[in-house]
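**Student:** Questions regarding the structure given below will be posed in turn.
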Amino acid sequence: MAIKERRTKILLALYLLSGLPAEASAKAGVELSAVSLDEKTQKIFDLFLNQKTRGTLSGMLKEGVVEKAIGSDPPGGSDPYRLTEKGFAELCLEFPFFRFLKEKWDGKWRIISYEIPEKKREIRDRLRREMQGWGLGPWHRSFWLTPHPILPTLKLLTSQKEEEKYIQAFEADHTFGDREILIEKVWGKSSLDKSYRELFKKWHEILSSGDEKVDKLRKVISEYVNLLRQDPGLPTELVGESWIGFEGWNIFKEIKSILLS
């Protein structure tokens with residue numbers, strides 16, 4: 001898997017391998033199901049329950065990002081963990097596609113503008129890295145657009161830091177104009193569609209191979225995660241319920257169900 005950071009791997013494992021569909025977790029009082037970080041899960045996500053990983057888990061428990069599932073008795077004897085609402089919110093900052101599987105869009109656009117001088121390139125590059133998973137798309141020079149509610153995160157991230165003075169942020173309604181044209185210009189919807197079609201071909205090749213089930217799922221997830229890094233996670237109101245990204249999510253859930261059986 002291209003992702004090296006343990007924390008992100010754990011968040012992904014607890015979300016992608018949860019037995020509860022994402023849309024069901026939005027219901028009041030319903031949580032994502034627990035996932036055991038057993039040998040199979042470790043292999044799929046290239047994780048090792050060594051001292052460093054256990055330290056990461058301990059920190060995530062203290063922060064309330066994950067929680068231990070009391071009363072669960074998973075195969076393999078490994079402790080089961082569950083992603084919390086706080087953990088889900090953190091995951092969505094890296095993989096915005098997941099947000100609107102679970103939450104409803106409020107119809108607001110967030111517009112961010114920043115012009116950081118070339119002599120402050122280090123600050124500019126750091127800010128871009130921190131915002132790269134927020135579903136932002138380039139609208140015009142120095143203007144970025146997203147439907148995701150990320151302004152509180154941006155404010156917290158830059159408060160009392162040097163970059164704060166270079167940033168302007170807005171929330172707005174879409175008054176008029178062709179949204180299809182806007183979405184294509186900002187996020188390249190047609191190009192993303194092609195990427196999903198290529199992904200489906202790769203999945204077919206993986207599933208047709210003679211590999212063991214766990215190896216197939218590891219490869220399926222690895223390819224999927226690479227594409228999810230590019231998906232801005234636009235809501236159904238903008239891309240429609242038949243958007244290929246939603247089709248990909250449903251296909252993935254079917255593949256997961258088969259390979260984990």
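**Student:** Are any of the residues in the stretch 192-208 outside any helix (DSSP H, G or I) and either closer than 29 Å to Lys4 by Cα or not assigned by TED's automatic domain parsing to the domain that holds Asp46 (or both)?
**Tutor:** No, the stretch 192-208 contains no residue that is outside any helix (DSSP H, G or I) and either closer than 29 Å to Lys4 by Cα or not assigned by TED's automatic domain parsing to the domain that holds Asp46 (or both).
The rows are residues; the columns are (1) within 19 Å of the chain's Cα centre (by Cα); (2) modelled with pLDDT under 90; (3) not polar (S, T, N, Q).
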position: Thr146; (1), (2), (3): yes, no, no
position: Pro152; (1), (2), (3): yes, no, yes
position: Ala172; (1), (2), (3): no, no, yes
position: Thr175; (1), (2), (3): no, yes, no
position: Ile181; (1), (2), (3): no, no, yes
position: Lys194; (1), (2), (3): no, no, yes
position: Lys202; (1), (2), (3): no, no, yes
position: Glu205; (1), (2), (3): no, no, yes
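**Student:** Picking from Glu162, Glu212, which residue would you name as being surrounded by fewer than 18 Cβ atoms within 10 Å (Cβ to Cβ) and at pLDDT 95 or above?
**Tutor:** The match here is Glu212.
**Student:** Has the stretch 113-124 got at least one residue that is under 18 Å from Tyr15 (Cβ atoms), out of contact with any Asp or Glu (no Cβ under 8 Å at 6 or more places or on another chain) and not hydroxyl-bearing (Ser, Thr, Tyr)?
**Tutor:** No, there is no match, as no residue in the stretch 113-124 is under 18 Å from Tyr15 (Cβ atoms), out of contact with any Asp or Glu (no Cβ under 8 Å at 6 or more places or on another chain) and not hydroxyl-bearing (Ser, Thr, Tyr).
**Student:** Of the residues Glu115, Glu130, which single one is surrounded by fewer than 17 Cβ atoms within 10 Å (Cβ to Cβ), outside the structural domain of Ala89 (by TED's automatic domain parsing), closer than 23 Å to Phe88 by Cβ and touching a helix residue (DSSP H, G or I) at 6+ places or on another chain (Cβ under 8 Å)?
**Tutor:** Step by step, each of Glu115, Glu130 is checked, and only Glu130 is surrounded by fewer than 17 Cβ atoms within 10 Å (Cβ to Cβ), outside the structural domain of Ala89 (by TED's automatic domain parsing), closer than 23 Å to Phe88 by Cβ and touching a helix residue (DSSP H, G or I) at 6+ places or on another chain (Cβ under 8 Å).
The values are calculated or read from the model by the stated rules, or taken from the named source; none is laboratory data. From a predicted model like this one, the values you see are computed outputs, not experimental measurements. Note that each Cβ is placed from the backbone with ideal geometry, even for glycine, and that neighbours are counted across all protein chains shown.
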